[in-house]
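Participant: Submitted below is the structure of interest, expressed as structure tokens.
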Amino acid sequence: MSLIFDKVSYTYSSHEGDVNALSDVSFTLENGELLGVIGHTGSGKSTLLQLMCGLLTPSAGSVVLDGENLSDKKVRQNLFTKVGIAFQYPEQQLFSKTIADDIAFAPRNAKLSEHEVGLRVREAMKIMRLDYENYAAKSPFELSGGEMRRVALAGVMAAKPQLLILDEPTAGLDPSGRYELTTIIDDYHKAGTTTVLVSHSMDNIARLSDKVLVLKDGHTAFYGTPAEVFSHSEVLREMNLGVPQATTFAADLMDLGLPLPADLLTIDALADAIAALFHEQKAEVKHGF
Amino acid sequence: MAFDIVLGQYHHAESIVHRLDPRIKITLMLILFVAAFLANSFFALLVLLLLDIVIIALSKVRPKTVVKAVAPLAFLLIFPLFFNLFFISEGTSLFSWGAILITDHGAYQAGFMTLRLFILFLTATLLTLTTSTIMLGDGISAMLRPFVRFGLPAYEISMMVSIALRFLPTLFEDFDHIRKAQMARGAVISQGGPIKRVKLLLPLLVPLFAQSLRHAEELAVAMESRCYHGGTNRTHYRVFSVGRADVIAIAICTSILILMIVWL
Ligand SMILES: Nc1ncnc2c1ncn2[C@@H]1O[C@H](COP(=O)(O)OP(=O)(O)O)[C@@H](O)[C@H]1O
Ligand SMILES: [Mg+2]
């Protein structure tokens, strides 16, 4: 599913005055791509996501999904069958007696047959690595935080969205939970779902994204491929956002005189580059004698 | 995150009303309450309304904010309006149609009761708008302290009031988050008969309840980890003292109350 933001602005109005949460944001996400969104708290990330799924409509500009403008009320109807969103701490939305019932909420609202609903639930649980026999009949309230998170995300995936939006999905999880969930998201996206991911982990953003959008006070600070965006490491550090660990480490090595390429974003790429350098030098040493 | 809830919330400003001793402000509110109940003419109520308006002007809180703060209570005004208008049959008829009869007496009572209730809401709102929850809590506990020897849990009551006011916006924010999350899963909020409606509300109410319990648990841990053990032997950082403005404020309000009793 393709997603186009064209000069989108959004203003919250309250009794204390207006807050311009988003100003003049434009980007294009092609079908099957993953957009990584980074920015400080209050920079407008959550507002951006709510505009993508029709919960908010732009104050100015347009949001176009597969050629259809979301400012049109008819287009927004039943959008939940196409666009799935998991807000921060999605486990807070769990309410049913059993996990299976909770995951079935969206498919049932889409008025699918009970047979189809059952299939969707099993499929979503499989994606989220929740064993059906073990979990289906349990109450969502007796799970650990990490398990609740996965149940909630399964509830979003059960609608089989063509555009999946995730607001800091790994916030508050332990390292192994973060790693597992990131892997699941990566796999799911690679299987063909257009994805938007908000994350504070520059490593994950660099590794997973096709495009990266950096927001600052509601404005676009940077937009482009991960290599383009993370080449502005100085500015990003000044914004307290930082760059991937591999990029920092490569920069340190380059300061020490190692001739590494400039756009190393992931640990794997860095390791390969160092290995290549090592082999090159070994070859040179051999020739020398 | 900012959220547009003003009901029961504090709005900071540098004003004489904000600086008044919270005990005095609570007393003033009670005096005005009594005055509103004793008032038995429109004129008397208008005097009280005028007094509230003067307080708003002195407090430097924006009128728009005051309106926002009272607005959520406005639907409660429907009840006195409705019952007095339609259920009082004394007096001369102004309008009648089938079983509906509106009399001049009923219309007068409707207007009077509605205005009285409005003044009560407005006065209470002015107290919460200009007094921080901490000050309010301290004020309530200081005023109730004499009753502790009769077994009144004064400190606990003031703590409950403070916490309730503090968590009101959080409750609305949580509700907003949950509502959006369920709408994104295709939840229909209102449709069908009463039983169906309650069923449709469950996806909102169950998470809201669970979330409130989580907040309560976290707050309890936070309080216990700071050695909170209730009010006994607790000293206060702020020591209240009654100043000149406090005396003047009490004097004005008491005079109005007496005037109300004697003349109006
Ligand atoms: N419901 C709301 N009402 C008023 N202001 C809001 C609301 N939601 C967010 N804002 C404001 O909009 C700005 C962007 O917020 P948000 O999109 O939540 O940022 P982020 O997700 O990056 O932390 C912030 O200044 C925030 O205070
Ligand atoms: Mg956010």
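Participant: Would you mind stating whether A:VAL8 is farther than 13 Å from A:VAL196 by Cβ and of a type in the set (A, V, I, L, M, F, W, C)?
Facilitator: So A:VAL8 passes the test.
Participant: Of all residues in region A:241-287, which are charged (D, E, K, R) and under 28 Å from A:SER43 (Cα atoms)? Spell out how you get there, then give the answer.
Facilitator: Our first condition is that a residue be charged (D, E, K, R); within region A:241-287, this holds for A:252, A:255, A:263, A:268, A:272, A:280, A:282, A:284, A:286.
The one that is charged (D, E, K, R) and under 28 Å from A:SER43 (Cα atoms): A:ASP263.
Participant: Here's something else I'd like to know. Going by what's in this entry, would A:ASP217 be described as open to solvent by 20 Å² or more (accessible area, probe 1.4 Å), away from ligand 2 (no atom under 16 Å from the Cβ) and either within 11 Å of the chain's Cα centre (by Cα) or of a type in the set (Asp, Glu) (or both)?
Facilitator: Considered against the rule, which asks whether it is open to solvent by 20 Å² or more (accessible area, probe 1.4 Å), away from ligand 2 (no atom under 16 Å from the Cβ) and either within 11 Å of the chain's Cα centre (by Cα) or of a type in the set (Asp, Glu) (or both), A:ASP217 comes out as no.
Participant: Out of region A:42-98, which residues are assigned to a helix (DSSP H, G or I), open to solvent by less than 20 Å² (accessible area, probe 1.4 Å) and either in contact with a His (Cβ under 6 Å, 6 or more places away or on another chain) or within 14 Å of ligand 1 (Cβ to nearest atom) (or both)?
Facilitator: Listed by number, the residues that qualify are A:LYS45, A:THR47, A:LEU48, A:LEU49, A:GLN50, A:LEU51, A:MET52.
Participant: Name, by its number, the condition in (1) in contact (Cβ under 8 Å) with a residue 60 or more places away in the chain; (2) near ligand 1 (Cβ under 9 Å from one of its atoms); (3) under 16 Å from A:GLY84 (Cα atoms) that does not hold for A:ASN31.
Facilitator: Of everything listed in (1) in contact (Cβ under 8 Å) with a residue 60 or more places away in the chain; (2) near ligand 1 (Cβ under 9 Å from one of its atoms); (3) under 16 Å from A:GLY84 (Cα atoms), A:ASN31 misses just condition (2).
Participant: Further question on the same structure: I need a count of the residues in region A:150-181 that are within 16 Å of ligand 2 (Cβ to nearest atom) and more than 14 Å from the chain's Cα centre (by Cα). Show your work before the answer.
Facilitator: Step one: of region A:150-181, the residues within 16 Å of ligand 2 (Cβ to nearest atom) are A:165-172.
Within this subset, residues satisfying the condition of being more than 14 Å from the chain's Cα centre (by Cα) are A:172.
So the count comes out to 1.
Participant: Of everything in region A:194-214, what is surrounded by fewer than 17 Cβ atoms within 10 Å (Cβ to Cβ) and either within 13 Å of ligand 1 (Cβ to nearest atom) or within 14 Å of chain B (Cβ to nearest Cβ) (or both)? Give them in sequence order.
Facilitator: A:HIS200
Participant: When only residues in region A:16-28 that are open to solvent by less than 10 Å² (accessible area, probe 1.4 Å) and more than 9 Å from ligand 1 (Cβ to nearest atom) count, which is farthest from the other protein chains (Cβ to nearest Cβ)?
Facilitator: The residue in question is A:PHE27.
Participant: Collect the residues in region A:29-63 that are away from every other protein chain (no Cβ under 14 Å) and among the charged types (D, E, K, R), keeping them in residue-number order.
Facilitator: Result: A:GLU30, A:GLU33.
Participant: Can you tell me which of (1) under 21 Å from the mean Cα position of the chain (by Cα); (2) surrounded by 10 or more Cβ atoms within 10 Å (Cβ to Cβ) is the one A:ASN240 doesn't meet?
Facilitator: (2)
Participant: Contact list please: Cβ distance under 8 Å, first residue in region B:157-178 and within 13 Å of chain A (Cβ to nearest Cβ) and within 16 Å of ligand 1 (Cβ to nearest atom), second residue open to solvent by 60 Å² or more (accessible area, probe 1.4 Å) and modelled with pLDDT under 90, pairs at least six apart or on different chains.
Facilitator: Short answer, once both residue conditions are applied: B:PRO169/B:PHE3; B:PHE172/B:PHE3; B:GLU173/B:MET1; B:GLU173/B:PHE3; B:ASP176/B:PHE3.
Participant: Something else: Tell me which residues, restricted to region A:28-41, are assigned to a strand (DSSP E or B) and either under 15 Å from A:ILE165 (Cα atoms) or away from ligand 2 (no atom under 13 Å from the Cβ) (or both).
Facilitator: A:THR28, A:LEU29, A:LEU34, A:LEU35, A:GLY36, A:VAL37, A:ILE38
Participant: Among the residues of region A:148-159, write down those that are open to solvent by less than 40 Å² (accessible area, probe 1.4 Å) and more than 10 Å from every other protein chain (Cβ to nearest Cβ).
Facilitator: If the condition is that a residue be open to solvent by less than 40 Å² (accessible area, probe 1.4 Å) and more than 10 Å from every other protein chain (Cβ to nearest Cβ), then A:MET148, A:ARG149, A:VAL151, A:LEU153, A:ALA154, A:MET157 are the ones that fit.
Residue-wise test of (1) of a type in the set (Lys, Arg); (2) more than 21 Å from A:SER46 (Cα to Cα); (3) in contact with a strand residue (DSSP E or B) (Cβ under 6 Å, 6 or more places away or on another chain).
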| residue | (1), (2), (3) |
| --- | --- |
| A:LYS160 | yes, yes, no |
| A:LEU164 | no, no, yes |
| A:GLY177 | no, yes, no |
| A:HIS189 | no, no, yes |
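Participant: Please indicate, with yes or no, whether at least one residue in region A:122-141 is in a helix (DSSP H, G or I), within 13 Å of chain B (Cβ to nearest Cβ) and either in contact with a Cys (Cβ under 9 Å, 6 or more places away or on another chain) or open to solvent by 30 Å² or more (accessible area, probe 1.4 Å) (or both).
Facilitator: If we filter region A:122-141 for residues that are in a helix (DSSP H, G or I), which is where we start, we get A:122-127, A:132-135, A:140-141.
Now restrict to residues that are within 13 Å of chain B (Cβ to nearest Cβ): A:124, A:140-141.
Those left that are additionally either in contact with a Cys (Cβ under 9 Å, 6 or more places away or on another chain) or open to solvent by 30 Å² or more (accessible area, probe 1.4 Å) (or both): A:141.
Scanning region A:122-141, I find at least one residue that is in a helix (DSSP H, G or I), within 13 Å of chain B (Cβ to nearest Cβ) and either in contact with a Cys (Cβ under 9 Å, 6 or more places away or on another chain) or open to solvent by 30 Å² or more (accessible area, probe 1.4 Å) (or both), so the answer is yes.
Participant: Now a separate question. Given the conditions (1) open to solvent by less than 50 Å² (accessible area, probe 1.4 Å); (2) away from ligand 2 (no atom under 16 Å from the Cβ); (3) aliphatic (A, V, I, L, M), report the number of the one that A:ALA191 does not fulfil.
Facilitator: (1)
Participant: Can you tell which of A:GLN77, A:GLN50 is within 16 Å of ligand 2 (Cβ to nearest atom) and polar (S, T, N, Q)?
Facilitator: None of the other options fit; the residue is A:GLN50.
Participant: Does A:ALA251 count as open to solvent by less than 60 Å² (accessible area, probe 1.4 Å), more than 14 Å from A:PHE27 (Cβ to Cβ) and free of Cβ contacts under 8 Å to residues at least 24 places away in the same chain?
Facilitator: Details: open to solvent by less than 60 Å² (accessible area, probe 1.4 Å): yes; more than 14 Å from A:PHE27 (Cβ to Cβ): yes; free of Cβ contacts under 8 Å to residues at least 24 places away in the same chain: yes.
When the stated conditions are applied, A:ALA251 passes them.
Participant: Checking A:GLY39 against (1) open to solvent by 30 Å² or more (accessible area, probe 1.4 Å); (2) of a type outside the set (Phe, Trp, Tyr); (3) within 16 Å of ligand 1 (Cβ to nearest atom): exactly one of these is not met. Which one?
Facilitator: A:GLY39 satisfies every listed condition except (1).
The values are calculated or read from the model by the stated rules, or taken from the named source; none is laboratory data. Every value quoted in this text rests on a predicted model; they were computed, and no experiment measured them. All Cβ positions, glycine included, derive from the backbone under ideal geometry; neighbour counts span all protein chains shown. Heads up: the accessible areas ignore ligands, DNA and RNA and are worked out on the full protein's heavy atoms, side chains in. Shrake-Rupley method; radii C 1.70, N 1.55, O 1.52, S 1.80 Å.
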